[in-house]
Amino acid sequence: MYSVLLASAVALLLSFGGCFLDWWSWPWAILFSLVLFVAAWILIARKIAARLHPAMARVQKQIEARNFDGAMQSLEEMLPLGKWVPMLRGQLLAQMGMIAWYGNKKEKALQLLEGASVRTADARLLLACILHKNGDTPRALQVLQLAAAVSKKHALLHNTYAWILHKIERSDEAQRVLAAFTKRDPGNEPAKDNLLRLQNRTRMTMQAFGMQWFALGLEQPPQAMGQMRRAPNGFREPPKSRG
C-alpha cells in the first residue's frame, strides 16, 4: 500500500540520513525510524480519513434515498484510495456488490463480490448463496469455510453454512459447524435449535433470522411475510422474475 511505503520512506530517510550525517548512532537511527514511521502513518491516515469519512456518509445517504446508481458511482470514485488504505478496496467492492445484487444487476454483483474482503462477512455470505443457487456448491462451501473461520461469531453465516451442508446430505459436517459455533456463542438460540434439529435428523429452520435470511434468496418467505421487504435496510427488493 502506498501509505505504508510512503511512511517507511520518510522514516528511513530521516532516521538513517541523520546517521550518515553523524547526528546519531545506528541504534538511535533504528529507534527513530520506528517512531517516525508511526508518526508519518498517523499523519497520512488522518489525511485520508478527512476524504473518506464524508464520502462514506454521502454513500449512506444515497442508499437511504434509494439512489443506488449514485451510491455506486460514489463508491467507484473511492476505489483509488484503496491503494493507500489496507483492505479498503475489498470493503468497497463488498458494498458495491451488495448494491448491485439488490439492484438486480446479478452478473456485476457476482464479479464485485468475488473481490470483496474476506472480513466482510455479509458480502461473502451473499456471494456463497449466489454461487450455491448457480449450481457451484463446492465453490460456495469454500467461500463459507473461509468466511466462517474469520467471522467466528456471525450467526447467520454459520447457520447458512450448515443449512447448505444439510441440503446436500452432509449433515454430520453441518452438525460440526454448528457445534463449534455454539461453543463460541452458547447463548445463540437459533443455532442451538438448529443443532438439536440436526441431531434429531429433522429439517433446519432459518425463520428466526427473519428477512436477513430470506434476502439471501435460498428460501421464499412465508405468505404471512409476503408484504414485508426481502432486502436489508437501504436496499430495494429485487424485481420478481416472470415465467
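Bear in mind that the values in this text are calculations on the coordinates, not laboratory data. It should be emphasised that the depicted structure is a prediction, and the values quoted were computed from it without experimental measurement. Please note: Cβ atoms are built from the backbone with ideal geometry, for glycine as well, and neighbour counts cover all protein chains shown.
For the range 182-194, the tally of residues that are more than 19 Å from His132 (Cβ to Cβ) and in contact (Cβ under 8 Å) with a residue 24 or more places away in the chain stands at 5.
Only one of the listed residues (Leu144, Leu93, Leu75, Leu110) is of a type outside the set (Val, Ile, Thr), closer than 21 Å to Leu178 by Cβ and part of a helix (DSSP H, G or I). That residue is Leu144.
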